[in-house]
Amino acid sequence: MTQTKDPFNKECLYSACKKQFTAKRRNQEYCCSECKKKANNGKASNWSAMVKKILVQHKINWQVLHDLFSAGHIEVAEQFLMANKFNHSKPTGIDIDKEGYLIPEFYNYALERIGENKFKIIKLW
């Protein structure tokens with residue numbers, strides 16, 4: 001005789017709890033609202049930490065371009081950007097020029113390659 005597992009007998013999915021409980025619904029995953037809150041807060045905290053790193057780099061990129069453009073520097077060497085912690089791999093958008101080349105955008109600035117190691121800063125809006 002085969003026994004079927006009762007779908008209402010579950011183990012709490014909150015990693016610090018893991019206690020056995022009888023669910024009130026088939027899709028209930030946590031033994032109580034406290035475990036559900038703690039698990040969801042943990043997920044949100046991990047997400048916030050990951051997003052924060054990206055947003056910090058976006059701010060650095062924008063600040064470098066803004067400061068250069070505001071000071072009247074339209075052309076900039078790649079070495080200067082790198083020395084100021086600029087990261088080309090973290091654009092906030094991408095556009096395509098007439099020749100089909102990708103133009104990375106950093107909020108309201110874009111960088112167009114004008115030489116081997118030189119870029120032109122374009123203010124978009």
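Which numbered condition in (1) modelled with pLDDT under 95; (2) over 29 Å from the mean Cα position of the chain (by Cα); (3) of a type in the set (Lys, Arg) is the only one that LYS19 fails?
Just one mismatch for LYS19, condition (1).
Test TYR30 against the criterion of being part of a loop (DSSP other than H, G, I, E, B), aromatic (Phe, Trp, Tyr), over 27 Å from the mean Cα position of the chain (by Cα) and surrounded by 10 or more Cβ atoms within 10 Å (Cβ to Cβ), and give yes or no.
Values: part of a loop (DSSP other than H, G, I, E, B): yes; aromatic (Phe, Trp, Tyr): yes; over 27 Å from the mean Cα position of the chain (by Cα): yes; surrounded by 10 or more Cβ atoms within 10 Å (Cβ to Cβ): yes.
Taking the combined requirement at face value, the residue satisfies it.
Among the residues of the range 106-125, count how many are among the polar types (S, T, N, Q) and closer than 26 Å to LYS53 by Cβ.
Result for the range 106-125: 1.
Going through the range 93-111 one residue at a time, which ones are surrounded by 15 or more Cβ atoms within 10 Å (Cβ to Cβ) and either among the β-branched types (Val, Ile, Thr) or part of a strand (DSSP E or B) (or both)?
Result: ILE103, PRO104, GLU105, PHE106, TYR109, ALA110, LEU111.
Please work out which one of (1) part of a strand (DSSP E or B); (2) among the basic types (Lys, Arg); (3) in contact (Cβ under 8 Å) with a residue 24 or more places away in the chain is the condition LYS10 fails and give its number.
(3)
Looking at (1) surrounded by fewer than 10 Cβ atoms within 10 Å (Cβ to Cβ); (2) under 30 Å from LYS123 (Cα atoms), which one does HIS58 not meet, given that it meets all the others?
So HIS58 meets the others, but not (1).
Kindly provide the set of residues from the range 92-105 that are under 26 Å from LYS53 (Cβ atoms) and without any contact (Cβ under 8 Å) to a residue 24 or more places away in the chain, ordered by number.
GLY93, ILE94, ASP95, LEU102, ILE103, PRO104, GLU105
Would you mind telling me which numbered condition in (1) over 22 Å from GLU112 (Cα atoms); (2) surrounded by 15 or more Cβ atoms within 10 Å (Cβ to Cβ) LYS43 fails?
Among (1) over 22 Å from GLU112 (Cα atoms); (2) surrounded by 15 or more Cβ atoms within 10 Å (Cβ to Cβ), LYS43 violates only (2).
How many residues does the range 53-91 contain that are within 16 Å of ILE114 (Cβ to Cβ), assigned to a helix (DSSP H, G or I) and touching a residue at least 24 places away in the same chain (Cβ under 8 Å)?
Residues flagged as within 16 Å of ILE114 (Cβ to Cβ), assigned to a helix (DSSP H, G or I) and touching a residue at least 24 places away in the same chain (Cβ under 8 Å) within the range 53-91 amount to 6.
The values are calculated or read from the model by the stated rules, or taken from the named source; none is laboratory data. All values derive from a computational prediction rather than experimental measurement. Ideal geometry is used to build each Cβ from the backbone, glycine not excepted, and the neighbour counts take in all protein chains shown.
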